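Asker: Quick one: this structure, given as structure tokens, is what I'll be asking you about.
The values are calculated or read from the model by the stated rules, or taken from the named source; none is laboratory data. Just so it is clear, the model here is predicted, and its values are computed rather than measured. So basically every Cβ, Gly included, is an ideal-geometry build from the backbone, and we count neighbours across all protein chains shown.
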Amino acid sequence: MLQLNASSSRWTAFFLLFLALCSLLTPAVTVKHENFKTCDQSGFCKRNRAYADSALSTSSWSSPYKLEASSVRFDKGLLTGIVTKTVGDETIRLPLSVSFYESGTARVTIDEEKRRKGEIELRHNSKARKERYNEAEQWAIVGGTVLSKGAATTQGAEKGTTRVAYGPAGAFEAVIKHSPFGVDFKRNGETQIKFNGQGMLNVEHWRPKIDKPVPEKKEGEEEKKGGEESAEVDTNVVTADDEGTWWEESFGGNTDSKPRGPEAVALDISFPGYQHVYGLAEHTGPLSLKETRGGDGKYTEPYRMYNSDVFEYEMDSPMTLYGSIPFMQAQKKNSTVGVLWLNAAETWVDITKSSSSANPLSFGIGATTTTNTHWISESGLLDVFVMLGPKPQDVIGTYSELTGYTQLPQQFAIAYHQCRWNYVTDEDVKDVDRKFDKNKIPYDVIWLDIEYTEGKKYFTWDPMTFADPLGMQKQLDEHERKLVAIIDPHIKNEGNYYVVDELKSKDLAVHNKDDNIYEGWCWPGSSYWIDCFNPAARTWWQSLFRYDRFAGSATNTFIWNDMNEPSVFNGPETTMPKDNLHHAGWEHRDLHNLNGLTLINATFSALLARSPAEVSHPIRPFVLTRSFFAGSQRLGAVWTGDNQAAWPHLEASIPMLLSMGISGFPFAGADVGGFFGNPSKELLTRWYQAGAFYPFFRGHAHIDTRRREPYLAGEPYTGIITQALRLRYALLPAWYTACHEAHVRGEPIVRPNWYVHPEDERGFELDDQFYVGSTGLLAKPVVREGQLESQEVYLADGERYFGYFDFEGYQGPGVVKVSAGLEEIPLLMRGGHVIPRRDRPRRSSGLMRWDPFTLVVVLGKAGDAEGTLYLDDGESFGYEEGAFIHRKFSYSAATSVLMSEDLAATGAGGSKKAKEYLKGMEKVRVEKIIVVNAPAAWKGREEVEVSEEGAGKSGAVRKVGMEWFAGEGGKAAWAVVRDPGVGIGRGWKVAFA
Ligand SMILES: *[C@@H]1O[C@H](CO)[C@@H](O)[C@H](O)[C@H]1NC(C)=O
Ligand SMILES: *[C@@H]1O[C@H](CO)[C@@H](O)[C@H](O)[C@H]1NC(C)=O
């Protein structure tokens, strides 16, 4: 802060003038709240919040939902029955199914009989489908739904319940209560999750519109309704006003015709004993989700999920953003459970916490808190998956089995990406490429935003500015670099543009409510939107990417799908009207949050099929998406959209990316440097240091900003940024191994403290430091201005930790100070791990293919260490046929031996591809082993004994030089073995004593 002398009024005046000028120069950087609905402005949210209030405030509240005991059937892991909702003398039938899967997941689905059978009338001659949307699972769910043979009903002592034991060793139980309907999910006899415990279950049933004047609400009516008459009135009617939003809703000058009337689904889900809930990506607030119903430090709005292009989004907010993952995990000491709310319509979630001191089952601090959540969706099925843990990995593992694992990225995709809106000509791109080389700064990918096209017509190049795209890409390819070009889903409505002509003639665009082609406004002006819910549209989309059609694209061209919420500049809330119609007559309302996923699905397939050669030798696609839903992780990477060059945005990026990581979509990044505005050099430098720890690492900038490629920053900044980039490149083997763990187990790439230490309650809220995969690397990037001394890093356990750069020793548990000068990244290595890296600086990751490895063996307090390395060609699908190297390195204090063992499940060398790959990697060796926290007993030793498996030489022992260094001050001792010469893909042993 500026220090001002208060007595000097002249300076005060100057200062105020200065501030005034600053505010003129700084663009307005606040979101336009008036463009996005609050819960009160969203009819179904308001109705259900009011319904919840009635349930909570009315002592005689009784949920009007009952499971008809006589309807219950159970067979081979599937329970079915009819839930009835009684409103006055009307009984609404709601088919229920509760599925129990082999994976240990349970699923509760509620439909509505009348809509399912189509026995309803649509208003306004709508051509929309009558059913509740039941196709979200076709997009989001890809596995884990084999019904459990072991699940079985059990005899409960309680009358009026049906109990099903399921899960591993029958440790899980679902207690289904008949009246009112509700389900308690138990693990080892203890309730972990309750459905409808608070009576907020609400399925807005179909009803005809009765045109009558809305009566004035009389004083006192509220109490009467909540009292003895509660069972007789329609419990959806909370106030007379609300009926106004049943049939029609207007917002921002747009009117939603709502042909099916009110159709929301809502449910309360409680987590007894759980203090923290995480998930509901994407939001800008803390990782541990906040309470949403008032009070100090709480939000007043529910968390909203309605994928939107939110211009200049704000910090610490439950407002919606570009993507939605309706998945939540609850955490208490030693226990993690989760729910997936499978609904693609607009969804709001309220979170409140309550304390009860008399919970006999609670242990330790804070364990008496119960977290209550209330989920509200505008339409569709009520469809919830329940995962009972108990470990974080159990929950994310079953979630990932359901929705699919993160695509294994190509290696270039986890290296550094250079983007800007826009590189203006092909010569400009080539110039930037040369300048990176001249300045010895590594990068892998350069990006083109919308200006490369001819008049925003995708699949074209501006002939004036990008006259020679192939020549440009040829230069990039000389250093194995790639190009990513943007292709958006809005298609310019202009004559003589083959893409729009085909879109129209084949009728593959989204329709409006009258079932004609929908026209809206986006970058090109008047546009139409491809409807990727239509299989024919996806097939057509694929054809557009063929090299002969998208002339100027090459094998090193990959794709960025932006604006796929979809963003519509003149639409309600910057998107499509909800009564627009998609393929098969589904309303946009039903599937909005899936829209972005369907586009990248089509683009992913398109990249696989660009030429016949690629069908037989496919290269893994790379697609970046802005909008997403559960399941999008299978198809690409994501970034957090249009952030700002401001410190709070750098700070918020860490919890946002951690949240993506625990939500099954870990391949995520934020624009390094900030999209809007010009970062100070300190901010830019700190952002690169943080970005080197984003799973997806891309610098990007708005068209109105100054150029900021790393070589332009000047010293010392350019040098410091280059060091951060080199660090990322050196650690690519560790990052790639972490990506593999995400790909096969669904684990986050960067992991928050609670995920790694679920027993440590003090670390449950921590979201500004994280671990990289299972490498033991613990990073806490500096995200605040002027913090040039040190960072406090929290160590959760009693391990020893060491500075990555200087081997400074730290002892956990507790908070330690780590030096954080501008040129430093606070980065520790947890004892007990082995970290693989490649230390030779190269221009791009592709050029590191044959480089040797360095292994950093970090001995923990027990003197042992263990780590893994996953490696493949970094681009093909050969790994699916065994063409990979997967090693475990372990050092045992008892034997003083470091060994490399094969982890390949199928046994390496099986397929032809596998053999070829291993042969190609034969000469790739370990060039250095660094042992951190090396035993003092090694002092004076100058050799280690190396033995390697392999043809003929098996058992032969070689002696290799070793040097031991005493740690000075607080530093740990270390030892270096130079050139042990062992193969990275081989089994070997290095004996240190
Ligand atoms: C929690 O887990 C830790 C580590 O596994 C164990 O030592 C501890 O006893 C457990 N505590 C409870 C309350 O279960
Ligand atoms: C795209 O979606 C369709 C329909 O759900 C599915 O069959 C196909 O496998 C998906 N493609 C990819 C690449 O995931």
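Asker: If you take the residues in region 63-80 that are loosely packed, with under 14 Cβ neighbours inside 10 Å and outside any helix (DSSP H, G or I), which one is nearest to the chain's Cα centre (by Cα)?
Answerer: By that ranking, first place goes to 76.
Asker: From the list 650, 608, 658, which one is farther than 18 Å from residue 489 by Cα and without any contact (Cβ under 8 Å) to a residue 40 or more places away in the chain? Steps first, please.
Answerer: Numbers: 650 fails: without any contact (Cβ under 8 Å) to a residue 40 or more places away in the chain; 658 fails: without any contact (Cβ under 8 Å) to a residue 40 or more places away in the chain.
Just one listed residue meets the conditions, 608.
Asker: Going by what's in this entry, would residue 763 be described as within 16 Å of ligand 1 (Cβ to nearest atom), crowded, with 20+ Cβ neighbours inside 10 Å, farther than 24 Å from residue 934 by Cβ and among the small types (Gly, Ala, Ser)? Explain how you work it out, then say what you get.
Answerer: Values: within 16 Å of ligand 1 (Cβ to nearest atom): yes; crowded, with 20+ Cβ neighbours inside 10 Å: yes; farther than 24 Å from residue 934 by Cβ: yes; among the small types (Gly, Ala, Ser): yes.
When the stated conditions are applied, residue 763 passes them.
Asker: Working only within region 701-718, note down all residues that are part of a helix (DSSP H, G or I) and without any contact (Cβ under 8 Å) to a residue 24 or more places away in the chain.
Answerer: 712
Asker: Among what's in region 721-748 and is away from ligand 2 (no atom under 16 Å from the Cβ) and farther than 22 Å from residue 848 by Cα, pick the residue that is nearest to the chain's Cα centre (by Cα).
Answerer: From region 721-748, those away from ligand 2 (no atom under 16 Å from the Cβ) are 721-742, 744-748; that's our starting set.
If we keep only those that are farther than 22 Å from residue 848 by Cα as well, we get 742, 744-748.
Working: 742: 12, 744: 16, 745: 15, 746: 11, 747: 11, 748: 9 Å.
So, considering only residues that are away from ligand 2 (no atom under 16 Å from the Cβ) and farther than 22 Å from residue 848 by Cα, the one nearest to the chain's Cα centre (by Cα) is 748.
Asker: Here's another thing I want to ask about it. At positive phi and loosely packed, with under 15 Cβ neighbours inside 10 Å, is that true of residue 969?
Answerer: On the way: at positive phi: yes; loosely packed, with under 15 Cβ neighbours inside 10 Å: yes.
So residue 969 passes the test.
Asker: Which one of the conditions (1) away from ligand 1 (no atom under 16 Å from the Cβ); (2) more than 28 Å from residue 560 (Cα to Cα); (3) surrounded by fewer than 22 Cβ atoms within 10 Å (Cβ to Cβ) does residue 782 fail to meet, given that it meets all the rest?
Answerer: Condition (3) is where residue 782 drops out.
Asker: Separate question: Within region 935-957, can one find any residue that is modelled with pLDDT under 95, in a strand (DSSP E or B) and over 27 Å from residue 733 (Cα atoms)?
Answerer: Looking for residues that are modelled with pLDDT under 95, in a strand (DSSP E or B) and over 27 Å from residue 733 (Cα atoms), one finds at least one in region 935-957, hence yes.
Asker: What strands (runs of 3 or more DSSP E), lying completely within region 379-458, carry at least 3 residues that are without any contact (Cβ under 8 Å) to a residue 24 or more places away in the chain and surrounded by 18 or more Cβ atoms within 10 Å (Cβ to Cβ)? Quick ask: steps written out before the conclusion?
Answerer: Details: elements: 382-387, 416-418, 445-448.
Those strands (runs of 3 or more DSSP E) do not exist here; none qualify.
Asker: Next up: Would it be correct to say that residue 876 is surrounded by fewer than 22 Cβ atoms within 10 Å (Cβ to Cβ), farther than 30 Å from residue 476 by Cα and touching a residue at least 24 places away in the same chain (Cβ under 8 Å)?
Answerer: Taking the combined requirement at face value, the residue does not satisfy it.
Asker: Please go through region 552-571 and pick out each residue that is of a type in the set (A, V, I, L, M) and in contact with a Leu (Cβ under 9 Å, 6 or more places away or on another chain).
Answerer: Quick first cut of region 552-571, residues of a type in the set (A, V, I, L, M) only: 554, 559, 563, 568.
Answer for region 552-571, where residues must be of a type in the set (A, V, I, L, M) and in contact with a Leu (Cβ under 9 Å, 6 or more places away or on another chain): 554, 559.
Asker: Only helices (runs of 4 or more DSSP H) wholly contained in region 535-635 count here; list those with 1 or more residues that are within 13 Å of ligand 2 (Cβ to nearest atom) and crowded, with 18+ Cβ neighbours inside 10 Å.
Answerer: On the way: elements: 535-544, 588-591, 595-608, 612-616.
By residue number, 535-544, 588-591, 595-608.
Asker: Give the residue that is farthest from ligand 2 (Cβ to nearest atom), with candidates limited to residues of region 127-170 that are among the acidic types (Asp, Glu) and within 30 Å of residue 513 (Cα to Cα). Break it down stepwise before answering.
Answerer: So the first thing to find is which residues in region 127-170 are among the acidic types (Asp, Glu), and the list is 131, 135, 137, 158.
Filter once more, so that each one left must be within 30 Å of residue 513 (Cα to Cα): 131, 135, 137.
Values: 131: 18, 135: 9, 137: 10 Å.
Within region 127-170, the match that is farthest from ligand 2 (Cβ to nearest atom) is 131.
Asker: Next question, about the same structure. Just checking, how many residues over region 496-519 are out of contact with any helix residue (DSSP H, G or I) (no Cβ under 8 Å at 6 or more places or on another chain), assigned to a loop (DSSP other than H, G, I, E, B) and not charged (D, E, K, R)?
Answerer: Of the residues in region 496-519, 5 are out of contact with any helix residue (DSSP H, G or I) (no Cβ under 8 Å at 6 or more places or on another chain), assigned to a loop (DSSP other than H, G, I, E, B) and not charged (D, E, K, R).
Asker: Right, here's the next one. Being away from ligand 1 (no atom under 16 Å from the Cβ), modelled with pLDDT of 95 or more and not assigned by TED's automatic domain parsing to the domain that holds residue 274 narrows it down to one residue among 386, 432; which is it?
Answerer: On the way: 386 fails: not assigned by TED's automatic domain parsing to the domain that holds residue 274.
Answer to the selection: 432.
Asker: Any residue at all in region 837-846 that's in a helix (DSSP H, G or I) and in contact with an Asp or Glu (Cβ under 7 Å, 6 or more places away or on another chain)? Steps first, please.
Answerer: Our first condition is that a residue be in a helix (DSSP H, G or I); within region 837-846, this holds for 845-846.
Checking the rest, the ones that are also in contact with an Asp or Glu (Cβ under 7 Å, 6 or more places away or on another chain) come to 845-846.
Yes, some residue in region 837-846 is in a helix (DSSP H, G or I) and in contact with an Asp or Glu (Cβ under 7 Å, 6 or more places away or on another chain).
Asker: Sticking with this one: May I ask you to say which residue of 104, 43 is under 30 Å from residue 511 (Cα atoms) and surrounded by 18 or more Cβ atoms within 10 Å (Cβ to Cβ)?
Answerer: Numbers: 104 fails: under 30 Å from residue 511 (Cα atoms).
Unique residue meeting the criteria: 43.
Asker: Given the conditions (1) in contact (Cβ under 8 Å) with a residue 40 or more places away in the chain; (2) surrounded by 15 or more Cβ atoms within 10 Å (Cβ to Cβ); (3) outside any strand (DSSP E or B), and given that residue 904 satisfies all but one, which numbered condition is not satisfied?
Answerer: Going through the list (1) in contact (Cβ under 8 Å) with a residue 40 or more places away in the chain; (2) surrounded by 15 or more Cβ atoms within 10 Å (Cβ to Cβ); (3) outside any strand (DSSP E or B), residue 904 breaks only (1).
Asker: Okay, moving on. Can you go through 62, 71, 54 and tell me which one is of a type in the set (Gly, Ala, Ser) and in contact with a helix residue (DSSP H, G or I) (Cβ under 7 Å, 6 or more places away or on another chain)?
Answerer: Details: 62 fails: in contact with a helix residue (DSSP H, G or I) (Cβ under 7 Å, 6 or more places away or on another chain); 71 fails: in contact with a helix residue (DSSP H, G or I) (Cβ under 7 Å, 6 or more places away or on another chain).
Answer to the check: 54.
Asker: Considering every residue within region 720-729, establish whether at least one is assigned to a loop (DSSP other than H, G, I, E, B) and crowded, with 20+ Cβ neighbours inside 10 Å.
Answerer: The initial filter retains those residues of region 720-729 that are assigned to a loop (DSSP other than H, G, I, E, B), namely none.
No, there is no match, as no residue in region 720-729 is assigned to a loop (DSSP other than H, G, I, E, B) and crowded, with 20+ Cβ neighbours inside 10 Å.
Asker: Please determine whether any residue of region 81-99 is in contact with a Pro (Cβ under 9 Å, 6 or more places away or on another chain) and part of a loop (DSSP other than H, G, I, E, B).
Answerer: Pass one, region 81-99, residues in contact with a Pro (Cβ under 9 Å, 6 or more places away or on another chain): 81-87.
Restricting the remaining residues to those that are part of a loop (DSSP other than H, G, I, E, B) gives none.
No; the residues of region 81-99 include none that is in contact with a Pro (Cβ under 9 Å, 6 or more places away or on another chain) and part of a loop (DSSP other than H, G, I, E, B).
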